[in-house]
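The values are calculated or read from the model by the stated rules, or taken from the named source; none is laboratory data. Quantities reported herein were computed from a predicted structural model and do not represent experimental measurements. With ideal geometry, Cβ positions are generated from the backbone for all residues, glycine too; neighbour counts draw on all protein chains shown.
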Amino acid sequence: MAAKTHKVIISCAVTGAIHTPSMSPHLPVTPQEIIADGLKAAEAGATILHLHARDPETGRPTQDPDAFRAFLPQLKQATGAVLNLTTGGSPHMTVAERMRPAAELKPEVASLNMGSMNFGLYPMLDRFKEFRHDWERAHLENSRDLVFKNTFADIEHILRIGNANHTRFEFECYDTSHLYNLAHFVDRGLVKAPFLVQTVFGLLGGIGAHPEDVAHMKRTADRLFGDAYVWSVLGAGRNQMPVAAQAAAQGGNVRVGLEDSLWIGPGQLAESNADQVRKVRAILEGLSLEVASPDEARQMLDLKGADGVAF
């Protein structure tokens, strides 16, 4: 009998809160741009769309639920992709601000950073010199003295709200300690299998993106969670595709998108999220792997379905 084929979830983080509009003309900012780029990514093969919102005039990240309402219903109507809302927002926001969209809109999936951490964006000032909006330079410079706060109390609060709404989580783990923090909440019964662990590589303040770093996070997660979890990776910047390729070869799932990297190759900006989705899909297909459909991902992650959201 032939072995069962493992299907790979491609998540696509459409805009995020790290990069600023002056860094790329292709970064989606307005609701219309987020809708158009998100749909192209889904058509290219993205299984899950990970979504942030921005002020349409300045491009500044916002967690106002109305900003999400400006694009979520249209995306839900036009694509079957799983819609995943951030609770990370921006490192400069309070936890109360960051959790509002997921609390009010009750998505199938929401992201959740599994610990407080330094979050260094300021090295990008060496590469980008001119900014159209006043907030952009300060956004990067202020990260020199910034702790992205997610205490145990914060995480528990977000988990309890999400659990009450039957929202599942993309548990973003930027270092080994975050895996142990997640294990703590699994042990307490606040996280139930199967759960999605998104190991993050290459951001200043978190673990690096060396192949040994990727292998170490996978070994640790396997030891802590066994077969209770679904493993995915994202590599920041130029690490995006190498990390994805390594993880895919080890049975993992992958995340791409302009939140994580503005590039499609050395010195070449990606013109859309779909560019990155197509590139990582080619890597997967080169490994004889199939991409999971949204409904297959819903089954893999035990999601409540699109009819259970509040948008």
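Kindly establish whether A153 is among the small types (G, A, S) and surrounded by fewer than 18 Cβ atoms within 10 Å (Cβ to Cβ). Criteria met by A153.
Of all residues in region 46-92, those satisfying the criterion of being touching a Phe, Trp or Tyr at 6+ places or on another chain (Cβ under 6 Å) and buried (at least 22 other Cβ atoms within 10 Å of the Cβ) are A53, L72, P91. Screening M93, M124, M99 for residues that are within 24 Å of T199 (Cβ to Cβ), over 18 Å from the mean Cα position of the chain (by Cα) and either in a strand (DSSP E or B) or among the hydrophobic types (A, V, I, L, M, F, W, C) (or both) leaves exactly one candidate, M124. Flag: N273 matches the condition of being touching an Asp or Glu at 6+ places or on another chain (Cβ under 6 Å), crowded, with 19+ Cβ neighbours inside 10 Å, touching a residue at least 60 places away in the same chain (Cβ under 8 Å) and among the polar types (S, T, N, Q).
Quick one: count up the residues across region 265-292 that are within 18 Å of the chain's Cα centre (by Cα) and of a type outside the set (K, R).
Of the residues in that region, 10 qualify.
The set of residues in region 1-15 that are at pLDDT below 85 and of a type in the set (A, V, I, L, M, F, W, C) comprises M1, A2, A3. Pairing residues of region 200-224 that are under 16 Å from G252 (Cβ atoms) and touching a residue at least 40 places away in the same chain (Cβ under 8 Å) with residues that are part of a loop (DSSP other than H, G, I, E, B) and among the aliphatic types (A, V, I, L, M), at Cβ distances under 9 Å and at least 6 apart in sequence or on separate chains, gives F201/I207; F201/A209; F201/A236; G202/A209; G202/A236; H216/I207; M217/I207.
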